[in-house]
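Here's the structure, in structure tokens; my notes come after.
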Amino acid sequence: MERPVNSKKTDSGLVVAIILLLGFGLLTLYFTSADYGLRAHSGTTHFLKQQLFPVFVGLVCMIGLACINLDWIRKMIPWILFATIILNILPFLPILGYEKNGGRRWIKIFSLTFQPSELAKFVLVLFLANLFDKKKDRINDPATCITPAITVLFIFVAIIIFQNDYATSMILLGLGLMLFFLSGVSLKWFGVFFVFSVPIAIIFIFLEEYRVDRLIAFLRPEYDVEGINYQVMASKVAVSAGGFWGQGMGTGLEKIKSIPEVHADFVFAGWAEAMGFLGIIG
């Protein structure tokens, strides 16, 4: 028998999985960022300490949301959506916005930085799931379901593209399409969507030279290995250095030292060098 949505029973398996993933994540962050933290910030635990507060906030939010009735959350979704859109506009303000690596996608308050587009991923799923559930009997109706869904999706995608974060905008687009498909939206709407969205996506790629370079680098991994493809090639060397058993945690991970921002987008390379093939599949 299916358990009611508003059941107060705790899913202990899910809680244990979350705690384990958090632990592994923090551990991986530490040993991939320790060397860079020591060189750039005079402390091996610099990036680990930075992450502890967001982890604490995330756990508090998780516990808080688990205690709130689902019907109340559904009533608050319009306000949550509005607040998230405003938060994603704030990085454009000079007094709050923080620019890094050519992208203006962060809010900085004192020493703390926050990327609102990460919240947008969660809120988009929440909004679309609620909308499709409420309108499941009229899910293909343009006025009451399809138009509101596409409008919200494109608002988020447009704002984040102008934050110069094309990758995140495409992730949001993919999330939206996945929810459309899983909710049973007619395939004809996908055809309409692709006719309009694909040309726009291609145009935005060619508006920025670095996006074109990244596309070429993706299609030709051997291209410009000392430039645009340097990070990818360096990460491949680190993964290869891990072998089957790995180099072990904290035993001189030499290869990842040559990878810029290894503790961020390329953390997998650090994990692979330390834990090897066995750690990857495990």
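Observations, loosely collected:
- Gyration tensor verdict on the range 165-247 (Cα atoms; rounded if a/c is under 1.5, prolate if a/b is larger than b/c, oblate otherwise): oblate
- Distance-filtered residues of the range 78-92 - backbone nitrogen under 14 Å, label point 7 angstrom along Arg104 Cα→Cβ: 88-92
- Residue pairs, from the table Lys49/Lys121; Lys49/Lys108; Lys75/Lys135; Lys134/Lys188, whose Cα atoms sit over 19 Å apart: Lys49/Lys121; Lys134/Lys188
- Placing a label point 7 Å from the Cα of Asn140 along the Cα-to-Cβ direction, the residues of the range 162-183 with a backbone N closer than 20 Å are 177-183.
- Cα gyration tensor category, rounded, prolate or oblate, for the range 112-204 with a/c compared to 1.5: oblate
- The stretch between Arg74 and Lys188, if pulled fully straight at 0.36 nm per residue, gains 38.2 nm over its current Cα-Cα span.
- Taking every Cα-Cα distance in the chain and sorting them into 5 Å bins from zero, the calculated P(r) comes out as 1, 5, 9, 11, 14, 16, 15, 13, 9, 5, 2, 0, 0 percent.
- A simple charge model with +1 on the Cβ of Lys and Arg, -1 on the Cβ of Asp and Glu and nothing else charged puts the dipole of the chain at about 780 debye relative to its Cα centre.
- Residue order, fewest to most surrounding Cβ atoms within 10 angstrom, among Thr168, Thr45, Thr147: Thr147, Thr45, Thr168
- Going by neighbour counts of Cβ atoms within 10 Å, the residues Phe181, Phe244, Phe31, Phe204 line up, fewest first, as Phe244, Phe181, Phe204, Phe31.
- Net length available on complete extension from Leu93 to Ser111 is 4.8 nm, with 0.36 nm assigned per residue and the Cα-Cα distance removed.
- Ranked for footprinting exposure by Cβ neighbours inside 10 Å, fewest first, Phe193, Phe218 give Phe218, Phe193.
- GNM remark for the chain: springs join alpha carbons under 10 Å apart, and the peak mean-square fluctuation among Tyr30, Tyr223, Tyr98 falls on Tyr223.
- Backbone phi angles across the range 143-151, fed through the Karplus curve with coefficients 6.51, -1.76 and 1.60 (θ = phi - 60°), yield HN-Hα couplings of 6, 8, 10, 5, 4, x, 5, 5, 4 Hz in residue order; Gly and Pro are listed as x.
- Check: the range 53-112 dipole with +1 on Lys, Arg Cβ and -1 on Asp, Glu Cβ, in debye: 140 debye
- Between the listed residues Phe266, Asn164, Thr113, the Cα displaced farthest toward the positive end of the dipole of the chain, a dipole computed from Cβ unit charges relative to the Cα centre, is found at Thr113.
- Placing unit charges on each Cβ (+1 for Lys and Arg, -1 for Asp and Glu) gives the chain a dipole about its Cα centre, and among Phe82, Leu38, Leu93 the Cα reaching farthest toward its positive end belongs to Phe82.
- The range 70-207, relative contact order in percent, only Cα pairs under 8 angstrom and at least six apart counted: 20 percent
- Between Phe181 and Val237, the simple label model (points 7 Å from Cα in the Cβ direction) yields a spacing of 3.8 nm.
- Largest GNM mean-square fluctuation among Gly13, Gly64, Gly270, using the chain with Cα springs under 10 Å: Gly13.
- Net +/- balance of residues flanking Val157 in space, Cβ distance below 14 Å, scoring K and R +1, D and E -1: +1
- Amide H contacts under 5 Å for Tyr223: none, restricted to partners 5 or more places along the chain or on a different chain, H placed in the peptide plane at 1.01 Å from N.
- Shape class of the range 11-67 from the alpha-carbon gyration tensor: oblate, with a/c at 1.5 or above and b/c at least as large as a/b.
- When the Gaussian network model of the chain links Cα atoms closer than 10 Å, the mean-square fluctuations of Val192, Val123, Val262 top out at Val192.
- Seen from every direction in turn and averaged, the convex hull around the alpha carbons of the range 21-140 projects onto 10.3 nm².
- Each Cα pair under 8 Å and six or more residues apart adds its sequence gap; the mean of these over the residue count of the chain is a relative contact order of 14 percent.
- Residue-by-residue Karplus 3J(HN,Hα) for the range 157-164, coefficients 6.51, -1.76, 1.60, Hz, glycine and proline x: 4, 5, 4, 6, 4, 6, 7, 6
Values quoted throughout were computed directly from the atomic coordinates according to the rules given, and no laboratory measurement underlies them. Please read these numbers as outputs of a predicted model, since none were measured by experiment. FYI the Cβ positions are ideal-geometry reconstructions off the backbone, even for glycines, and counts take in every protein chain you see.
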